[in-house]
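The values are calculated or read from the model by the stated rules, or taken from the named source; none is laboratory data. What you are looking at is a predicted structure, and each value in this text was computed from that prediction instead of being measured. All Cβ positions, glycine included, derive from the backbone under ideal geometry; neighbour counts span all protein chains shown.
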Amino acid sequence: MPRKKSKQVEGEQKGQLDDSMNGGLPPIRNPLKTQIKLRQFPWTEKQKDFFKVALNPDTRIVFVDGPAGTSKTLLATYCGLQLLNMRAASDICYLRSAVESSDSHLGFLPGSADDKLRFYNLPFIDKLDELLIGTKVAKLEETGRVSMFPINFARGLHWPDKVIIMDEAQNSTEQEITTVLTRMGKNCRCFVLADPMQTDLRRSTGGFQKMFNIFADEESKEMGIHTFEFTEDDIMRSELVKYLVKKLKDVNNE
């Protein structure tokens, strides 16, 4: 008589998950039932170090500093999807400030509120498209597994069991970052991503660098709050971008 397969093995073969597969993490509401297939890339050692911090069960917040092209949004999105698969979170929420990257304003955009904000959410949508195998972004939105909205809408909300990706945080004030972080409830995890070289704020330098420095200590680590820094040497987009960032950084430091 053939041996009966264990429940976990059957679940893995069918792409289904059970509570024994969440790494001993606290139970969450509305956990994922069918695993999301993800595309893998030749991750660098630095990116693997980031995964160790980001996916650690004790991690709550990661402040991520890095120049353009270091895959900050891709890595955070990948970790968010992995945390859904691990049943460590029920959904992913993508946030960013609705700040235009130009001195000239776009003016009024046509369409509904969702249509107007879609432009700001394109980086996240692109990363989802890049990572997902077989699953459509629209399906994740329909089922409430991913959502996107401006930071301005965060005040007064309560976020349990979520992965928060706060992108382009160099364009957020200290107050805005504080508002997002103080929404975090049980089992919530937040990635705060920023490139201080690319701030679009005209009257201030933003609050990210100050927050990064405040929480870059051992006491914060013990609370599950980490800082992680990518440099120009970690740029993956192209050798041209790596050269541009290094050159500009050298000039600005003179």
If we ask which residues in the range 41-98 are crowded, with 18+ Cβ neighbours inside 10 Å and among the acidic types (Asp, Glu), their number turns out to be 2
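Quick one: in the range 123-179, of everything that is basic (Lys, Arg) and out of contact with any strand residue (DSSP E or B) (no Cβ under 6 Å at 6 or more places or on another chain), which residue is nearest to GLN209 (Cα to Cα)? Step through it out loud before you land on a result.
Of all residues in the range 123-179, those basic (Lys, Arg) come to 127, 136, 139, 145, 155, 162.
Now restrict to residues that are out of contact with any strand residue (DSSP E or B) (no Cβ under 6 Å at 6 or more places or on another chain): 127, 136, 139, 155.
Details: LYS127: 25, LYS136: 35, LYS139: 36, ARG155: 22 Å.
Among residues in the range 123-179 that are basic (Lys, Arg) and out of contact with any strand residue (DSSP E or B) (no Cβ under 6 Å at 6 or more places or on another chain), the one nearest to GLN209 (Cα to Cα) is ARG155.
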Residues of the range 27-77 being within 15 Å of the chain's Cα centre (by Cα), farther than 20 Å from ALA89 by Cβ and not small (Gly, Ala, Ser), in sequence order, are GLN47, ASP65, THR70
By residue number, the members of the range 1-40 that are at pLDDT below 90, touching a strand residue (DSSP E or B) at 6+ places or on another chain (Cβ under 9 Å) and surrounded by 14 or more Cβ atoms within 10 Å (Cβ to Cβ) are GLN16, LEU17
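Mind checking which residues of the range 212-254 are at pLDDT 90 or above, over 19 Å from THR70 (Cβ atoms) and either part of a helix (DSSP H, G or I) or over 19 Å from the mean Cα position of the chain (by Cα) (or both)?
Matches in the range 212-254: ASN213, ILE214, ASP217, GLU218, GLU219, SER220, LYS221, GLU222, MET223.
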Taking the range 56-114 and keeping residues of a type in the set (Ser, Thr, Tyr), at pLDDT 65 or above and farther than 19 Å from PHE124 by Cβ leaves THR59
